[in-house]
1. Could you tell me which of rounded, prolate or oblate describes the range 3-276, using a ≥ b ≥ c as the square roots of the eigenvalues of the alpha-carbon gyration tensor, with rounded for a/c under 1.5 and, failing that, prolate when a/b is larger than b/c and oblate otherwise?
2. Please turn the phi angles of the range 187-202 into ³J(HN,Hα) values with the Karplus equation 6.51 cos²θ - 1.76 cosθ + 1.60 (θ = phi - 60°), one per residue in order, whole Hz, x for glycine and proline.
3. What are the residues whose amide H is under 5 Å from the amide H of residue 3, where those residues sit 5 or more places off or on another chain and H is modelled from the backbone?
4. List, in order, the whole-Hz ³J(HN,Hα) value for each residue of the range 39-45 obtained from phi through the Karplus relation with A = 6.51, B = -1.76, C = 1.60 and θ = phi - 60°; use x for Gly and Pro.
5. Straight-line reach from residue 140: which aspartates and glutamates fall under 12 Å, measuring Cα to Cα and dropping same-chain residues less than 8 apart?
6. With the contact rule set at Cα under 8 Å and sequence spacing of 6 or more, what percent relative contact order holds for the chain?
7. Where does the range 15-70 land on Rg(C-alpha)/(2.2 N^0.38 Å)?
8. Report the antiparallel proportion of the DSSP beta bridges in the range 3-276 as a percent, rounded to a multiple of 5.
Amino acid sequence: MLLGVHCSVSGGLEHAFDEARTLNLDTFQVFTRNQRQWKAKPISEDEKKAFATAWANNPKVKVIFSHASYLINLASADDGLRHKSIAGFTEEVIRCHELGLAYTVLHPGAAGEGSEEDAMNRIADSLKKIVAETHGSKVKILLENTAGQGSHVGYKFEHIRNIMDLAGSDRIGNCFDTCHAFAAGYNIATEDGFHKTWEEYDRIIGLDNLFAIHLNDSKGDLGSRLDRHDHIGQGKIGKLAFKLMMKKFQHIPKVIETDEENNMDEVNIKLLRELAA
Ligand SMILES: [Zn+2]
Ligand SMILES: [Zn+2]
């Protein structure tokens, strides 16, 4: 059913497979580097080998993808920061390529003081450069829908569509986050709202552009624009939406990104498997 979690790489990238094995996962997400620092050491040959060996020993894992650093802002009007972001994200695509990861998930960017339209133009221009710079790679760049916190763009399906159109590459798709969508005002919590949301999604973004899903409940209310994840079924979204998600998207990799303390990854995965049954 392609269900997993965000796995920790503490102790080395290959250690992501430890949790995958324990929870019997067939997909997972990782940070390939410290997500709160600009600098990252290139991946060494030994690290690549260790990762490949761990994967070969865990053949149940079918799809692995990364989440890009939170520092990256391709929308920044500050040339220095934007160029740093372009370089940092280009590096991330290369790291994914070297590890054999399918996708990297990116928050589109924050407009700051400027308009959303200018922000989206800068994101698309940046993406064009990154795609060109990594033209030998098949790694797809998945723009994640946001909650619309602060000045972040990407909280409307139209934003994702617009950036994809402007960037014009078949290597750009979408990662759908349930918490962010709900916080942005898409009411997936009711059966009617769920179906309306996915009809709208298909009309604007297109279901063929959906490559990964983040399954998170929301601490914030519908339309609150708060990016605060909650455990499955314990937030304002509730179990029904996750049952519907599990049934509708069996073939799309789905990962949980909630606090993993107190074995909560195990609890959340168990619940999602029950809902899918
Ligand atoms: Zn994210
Ligand atoms: Zn997410």
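Every read-out reported here was derived from the displayed coordinates using simple, explicitly stated rules and does not represent laboratory data. The structure displayed is predicted, hence computed values, not measured ones. In this analysis, Cβ positions are derived from the backbone assuming ideal geometry, glycine residues included, and neighbour counts consider all displayed protein chains.
1. Oblate, because a/c is 1.5 or more while a/b does not exceed b/c.
2. After applying 6.51 cos²θ - 1.76 cosθ + 1.60, I find 7, 7, 6, 9, 4, 5, x, 4, 5, 4, 4, 6, 5, 5, 4, 5 Hz.
3. 26, 27, 254
4. 7, 9, 6, x, 6, 7, 4
5. Correct list for residue 140: 92, 170.
6. Worked out over the chain, it gives 16 percent.
7. Output field value: 1.19.
8. The antiparallel proportion sits near 10 percent.
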